[in-house]
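To start, the structure itself, in structure tokens.
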Amino acid sequence: MKNIRRNRRNQRGFSLVELMIVIAIIALLIGVGIPAWQAMVRNGNETTAVQTLSTLRTCQIGYAGKHQGKFAPNFAALVQSGCIEGDKFNSETPVINGYIYTMKVEEPAGTRPATFAVNADPQVSEGMTATGNRHFYIDGAVNQPKATDENRPAKADDPSI
């Protein structure tokens, strides 16, 4: 019994150097992990934006097929048609996964057919809190979404993804 008590008295905790090394390793892991995690979130937001634009294009084309070639004037009309979810597209400029969506629709005039265009732009495009780096665009004539890395809304002239 006396040997057990003696061993406990002789035992020491961690030294300051050992604790500092552990803290430095943890700080290094955090320093590497946070930027990687942020990049992963941005890439996920961008992928979701592209998929959402493709869905909106499909919905608009389906809507036009049922309404004599006229496209839905806003997101609310697409929600009413049952093509998109109302809880996500509940305003004129909905924000989904860090991207702001805007839609422009032109009614047919004379020989010109109706057109629509949808942009997806990141809420924050630069810095540590960026929700995405790329801006996206799609319309009725474009099968593949267009994208730009410049800090401006994408347009039909930009390259396809």
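The values are calculated or read from the model by the stated rules, or taken from the named source; none is laboratory data. All values reported here derive from a predicted model rather than from experimental measurement. Note: accessible area is taken over every heavy atom of the protein model, side chains too, but ligands, DNA and RNA are not part of it. Shrake-Rupley method; radii C 1.70, N 1.55, O 1.52, S 1.80 Å.
Solvent-accessible surface of protein heavy atoms, probed at 1.4 angstrom with all chains present, puts K104, K146, K88 in the order K104, K88, K146, largest first. Rounded to the nearest 10 degrees, the angle from helix 16-66 to the longest Cα principal axis of the chain is 10 degrees. Scaled to the globular estimate 2.2 N^0.38 Å, the Cα spread of segment 1-115, given as radius of gyration, is 2.21. Amide H neighbours of G140 under 5 Å, counting only residues 5+ apart in sequence or on other chains, H built in-plane at 1.01 Å? The answer is F116. Per residue, segment 55-161 exposes an accessible area of 55 Å² to a 1.4 Å probe, with every protein chain left in place.
Cross-link reach is defined here as a Cα-Cα straight distance under 23 Å, omitting same-chain residues fewer than 8 places apart; for K104 the lysines meeting it are K66, K70, K88, K146, K155. For segment 89-141, a Kirkwood radius taken over Cα pairs fed into Stokes-Einstein (25 °C, viscosity 0.890 mPa s) yields D = 197 µm²/s. Projected onto its three principal axes, the C-alpha set of segment 52-134 covers 48, 27, 18 Å, listed from the longest axis down. Can you tell me, using C-alpha contacts under 8 Å and at least 6 residues apart, the relative contact order of segment 35-161 as a whole percent? This gives 20 percent for segment 35-161.
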